[in-house]
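Chemist: My questions all concern the structure below.
The values are calculated or read from the model by the stated rules, or taken from the named source; none is laboratory data. Bear in mind that the values here come from a model prediction, so they are computed numbers and not experimental data. Cβ sites come from the backbone with ideal geometry, for glycine too, and all protein chains shown count toward neighbours.
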Amino acid sequence: MAALMLSRVVKSGFEFLQTSFRTTSLAQRCTTGNVEQVRGYYVNWRMLRDVKRRQMAFEYANDRLRMNAIRKNTILPKELQEIADKEIAAFPRDSCPVRIRNRCVMTSRPRGVKRRWRLSRIVFRHLADHNQMSGIQRAMW
Amino acid sequence: MYRRIILLATRNRSGISRIAEHSINITDQQETKRISVSTCPNRQRMLYNKGVCTPNKRPFSTSTAISKENEESSAPKTGVTEAKVKEKEPKKSGKENLLDLLSAMKIDVTTKKKFQALKSQKSKEQPRVHPESMESATSMFQKATTEQQAQKESLSPELVAAASAVASSMPLKKSQTESELLQQLRKHESDTEVHKKGETNNIGNIIADMKVGKHPNARSPNRPANQIRFDDDGRGYTHDRGVVNEFDAVRRRKSLFTGKRLNIFPSTTDTTETEPKEVSVPSLWDIELAGHIAAVIKHLPRNGFEEMIQWTKDGKLWQYPINNEAGLEEESDVPFHEHVFLDSHLEDFPKQGPVRHFMELVINGLSKNPYLTVKQKMEHIEWFREYFQQKEEVLKESEAY
């Protein structure tokens, strides 16, 4: 009983901490069990901004879908559609999914990123040469 | 033909229940499409069949039962119409075929009785191909289970009532259509149950006919257990004996809990559970203490496997074998008609006008969407309701509300 309560409290506590500080959960523990908080960080501020844009796009996704359904319509009256246009423009700018850039996960490189692995070409090549990528082999034909 | 004209002409929305209306709509679509097929001669029929698009794939398949029944009825009919249309030229455009159809309709009215006699004859000759009797792999396994189980599976009374309403609105052979509909519904239910159980019954069905071969205890030694054993070389031990033999008696038990109770430990007394204490919002100190305790208790992963186990428990790693419906276990309990028939949620909207039209399109799209939960669909509709209520004035100015 107490253990359940405890686990729930722990879960909620950690979530609270994480959402407020937007850190990666890299809290490390030494062998004695004392929590040494290593400050987790994204590779650079640009990556952090991209993360914020993704989260915001997720929040506003439904609203945007519905507003666009009203706007891109031949049935509803045009006055209503104009009002909907203005409303969707009033949404925060980071809420639109177009601003998301698929950056490399390791280096935050914005270009040369293969979508399947979310890695830039340089990191991909590095890992593949060191045999860290499952199923990837140097091409030869 | 004559009966089809009646159906097309008298679509009485209010009289029939919603489900019946839907199925009638489906059959009308199917029937109108098939009219174009039946009047053209043989060579053209092939092309028309390919050109006709398949009807919209609804999640419930009762329409197929009805449509197949109608298809068979139209098959003997083509003989009748072809005989009349013999003098027409083979190659025609669609429009000309339609005109032929219209002209042919008049002819058919007089031969209605003849056609019905023909049809009843043909139906007696050929055994009807029921969709249920067509054996597929899954249906064979399910038959093995359903025969064992009780015949009447639990269908909700609403579904049964709806099926009987639909059957009564069909013109011919009401009892048969009703039984076919109910069979389809039951099959659908059993399908979902099998899927829910994760198809654990299938293997049981496969090996149901196999005989269980109880292999005799191969490890029993040739000599009885209480005889002294001699080791041949004087090494002090015999080679054959393994620890296995000593646990033989234990292993012969089929389960853990057979055998006499030893009454060593007292049986658990029922402790009345104290009511959960109401804890107000835990302070940060409590959270920190809880985190500390959890960190002490938790063991660090010793290898990659344990790390992956931990990640799977956290939810960071998918569960293998991949389950497409990983987060959606509760959703499988929701019956299909709540996904598909969303008309009842449209009561707060105006009956006429562009708003209604728009919402009907929305509901049409939502009913075809298999990826959303019912709750999400309801949220969409709620949002639209609120939005249109807010924008009432604008809509009234443009006379749309």
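Chemist: How many residues are assigned to a loop (DSSP other than H, G, I, E, B) and closer than 18 Å to B:GLN376 by Cα when one looks only at region B:308-344?
Modeler: Total meeting the criteria: 9.
Here's the yes/no breakdown for (1) more than 22 Å from A:GLN55 (Cα to Cα); (2) basic (Lys, Arg); (3) modelled with pLDDT under 95:
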site	(1), (2), (3)
A:LYS114	no, yes, no
A:ARG121	yes, yes, no
A:ARG125	yes, yes, no
A:HIS130	yes, no, no
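Chemist: Yes or no: A:PHE14 modelled with pLDDT of 95 or more and either of a type in the set (Phe, Trp, Tyr) or more than 30 Å from B:ASP286 (Cα to Cα) (or both)? Spell out how you get there, then give the answer.
Modeler: Working: modelled with pLDDT of 95 or more: no; either of a type in the set (Phe, Trp, Tyr) or more than 30 Å from B:ASP286 (Cα to Cα) (or both): yes.
For A:PHE14, the condition - modelled with pLDDT of 95 or more and either of a type in the set (Phe, Trp, Tyr) or more than 30 Å from B:ASP286 (Cα to Cα) (or both) - is not met.
Chemist: Restricting the search to region B:300-326, which residues are in contact with a helix residue (DSSP H, G or I) (Cβ under 8 Å, 6 or more places away or on another chain) and within 13 Å of chain A (Cβ to nearest Cβ)?
Modeler: B:PRO301
This table checks each residue for (1) modelled with pLDDT of 95 or more; (2) among the aromatic types (Phe, Trp, Tyr).
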site	(1), (2)
A:LEU48	no, no
A:ARG53	yes, no
A:PHE58	yes, yes
A:ALA61	yes, no
A:ARG64	yes, no
A:LEU76	no, no
A:GLU79	no, no
A:LYS86	yes, no
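Chemist: OK, next. With respect to A:MET106, is the statement that it is within 30 Å of B:GLU288 (Cα to Cα) and either modelled with pLDDT of 95 or more or surrounded by 15 or more Cβ atoms within 10 Å (Cβ to Cβ) (or both) true? Write out each step before concluding.
Modeler: Numbers: within 30 Å of B:GLU288 (Cα to Cα): no; either modelled with pLDDT of 95 or more or surrounded by 15 or more Cβ atoms within 10 Å (Cβ to Cβ) (or both): yes.
Judged against the criteria, A:MET106 is not a match.
Chemist: Also, I was wondering about something else. Suppose the filter is more than 9 Å from every other protein chain (Cβ to nearest Cβ), over 30 Å from B:ILE381 (Cβ atoms) and more than 14 Å from the chain's Cα centre (by Cα); does A:ARG109 pass it? Reasoning before the result, please.
Modeler: Numbers: more than 9 Å from every other protein chain (Cβ to nearest Cβ): yes; over 30 Å from B:ILE381 (Cβ atoms): yes; more than 14 Å from the chain's Cα centre (by Cα): yes.
Considered against the rule, which asks whether it is more than 9 Å from every other protein chain (Cβ to nearest Cβ), over 30 Å from B:ILE381 (Cβ atoms) and more than 14 Å from the chain's Cα centre (by Cα), A:ARG109 comes out as yes.
Chemist: Taking region B:345-401, which residues are part of a loop (DSSP other than H, G, I, E, B) and in contact with an Asp or Glu (Cβ under 8 Å, 6 or more places away or on another chain)?
Modeler: B:THR373, B:SER398, B:TYR401
Chemist: A further question follows. Looking at region A:56-77 only, could you name the residues that are within 20 Å of B:GLU399 (Cα to Cα) and assigned to a helix (DSSP H, G or I)?
Modeler: Scanning region A:56-77 gives A:ILE70, A:ARG71.
Chemist: Output the residue which, of all residues in region B:382-397 that are facing another protein chain (nearest Cβ under 10 Å) and surrounded by 14 or more Cβ atoms within 10 Å (Cβ to Cβ), is farthest from B:ASP348 (Cα to Cα).
Modeler: Restricting to residues being facing another protein chain (nearest Cβ under 10 Å) and surrounded by 14 or more Cβ atoms within 10 Å (Cβ to Cβ), the top hit is B:VAL394.
Chemist: What are the residues in region B:282-308 that are closer than 28 Å to B:TYR320 by Cα and surrounded by 13 or more Cβ atoms within 10 Å (Cβ to Cβ), if any? Explain how you work it out, then say what you get.
Modeler: Taking region B:282-308 first, the residues closer than 28 Å to B:TYR320 by Cα are B:294-295, B:297-308.
Of everything in region B:282-308, those that are closer than 28 Å to B:TYR320 by Cα and surrounded by 13 or more Cβ atoms within 10 Å (Cβ to Cβ) turn out to be B:ALA294, B:ALA295, B:LEU300, B:PRO301, B:GLU307, B:MET308.
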